[in-house]
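Report on the following structure.
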Amino acid sequence: MSEAATDSAAIRLASRADASAVSATLVESFLVSAVGDWLIPDIAARRAVYERCFATIVDHALRHGVIHTTADRAAVAVWYPMMGPAVDDPDHDARLAEAAGDYFDRFLLKLKVTAERHPTEPHHHLAFLGVQPSRQGTGLGTALLDAYHRVLDASGTPAFLEATNERNSRLYVRHGYRAAEPVYLPHGGPPMWPMWRDHAGACNEGAAG
């Protein structure tokens, strides 16, 4: 990467002051996709719903998860430590329902289908990794992954995600993830790939002795 690209890829923890900017990045990153077409066919309606939903998601993640972003907030990773029972947030579903409006049932259906394949052993869940479309392919997503994977590897913690297309799936494979059989969203929906990453060195554990 160039010096300017390296500077922009400096990773830091997002704060409340970043909420609006990282929400906007997530909206733009996920606006055009097969999953988006399935959730909300009309793209203008999709943008409006995504703006409300990602604002709610970012607020929740700032309190209960980990959000990493780049210096220019052009790339965002939303992680949730899943090391025990989920943190109870009784208002979260109600806020998402209000944000999604008429499309909430579709969101619930997607969550139900993917939850059936979510691992139960302790891990960190990469809920969202988004890069502004004009900056995709410049290494920002890799920088975010590498930074967080170093933390996971140091603590011996695996990771899980759901890739929403084959291109992203190939990226995650390069970062040590293994793809399971895809999950297909109902009613002719697109596939999603559950992917698991063991922490570095896991394959060698128990080999000696």
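The values are calculated or read from the model by the stated rules, or taken from the named source; none is laboratory data. Note that the coordinates shown come from a computational prediction; the quantities given were computed from them, not determined experimentally. Note that each Cβ is placed from the backbone with ideal geometry, even for glycine, and that neighbours are counted across all protein chains shown.
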note = Taking the stretch 104-134 and keeping only residues that are at pLDDT 95 or above and aromatic (F, W, Y), one is left with F128
query = Out of curiosity, is V76 under 14 Å from the mean Cα position of the chain (by Cα) and either at pLDDT 95 or above or not in a helix (DSSP H, G or I) (or both)?
reply = yes
When residues of the stretch 69-86 are limited to those that are more than 11 Å from L129 (Cα to Cα) and not aliphatic (A, V, I, L, M), the one surrounded by the most Cβ atoms within 10 Å (Cβ to Cβ) = T70
ask   = Say we look at the stretch 160-189 and pick out the residues that are touching a residue at least 40 places away in the same chain (Cβ under 8 Å) and surrounded by 16 or more Cβ atoms within 10 Å (Cβ to Cβ); which of these is farthest from the chain's Cα centre (by Cα)?
value = G189
query = In the stretch 128-138, which residues are surrounded by fewer than 17 Cβ atoms within 10 Å (Cβ to Cβ) and either of a type outside the set (S, T, Y) or touching a Gly at 6+ places or on another chain (Cβ under 6 Å) (or both)?
reply = P133, Q136, G137
query = What pairs can you find where one residue is in the stretch 8-33 and more than 18 Å from L62 (Cβ to Cβ), the other is acidic (D, E) and surrounded by 15 or more Cβ atoms within 10 Å (Cβ to Cβ), and their Cβ atoms are less than 7 Å apart, with a gap of 6+ or different chains?
reply = S8/D72
note = Within the stretch 4-40, the residues that are of a type outside the set (S, T, Y), more than 20 Å from A163 (Cα to Cα), part of a loop (DSSP other than H, G, I, E, B) and modelled with pLDDT of 95 or more are A14
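Only one residue in G137, G84, G130 is out of contact with any Pro (no Cβ under 6 Å at 6 or more places or on another chain), closer than 28 Å to R46 by Cβ and not in a strand (DSSP E or B). Which one? Spell out how you get there, then give the answer.
Values: G84 fails: closer than 28 Å to R46 by Cβ; G130 fails: not in a strand (DSSP E or B).
Answer to the selection: G137.
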inquiry  = For the list (1) in a helix (DSSP H, G or I); (2) among the acidic types (D, E); (3) within 15 Å of the chain's Cα centre (by Cα); (4) buried (at least 16 other Cβ atoms within 10 Å of the Cβ), I need the number of the one condition that D146 fails.
reply    = (4)
request  = Please work out which one of (1) in a helix (DSSP H, G or I); (2) surrounded by 15 or more Cβ atoms within 10 Å (Cβ to Cβ); (3) at pLDDT 90 or above is the condition E98 fails and give its number.
outcome  = (2)
ask   = How about the stretch 34-56: which of its residues are in contact with a helix residue (DSSP H, G or I) (Cβ under 6 Å, 6 or more places away or on another chain) and not aliphatic (A, V, I, L, M)?
value = G36, R46, Y50, E51, R52, C53, F54, T56
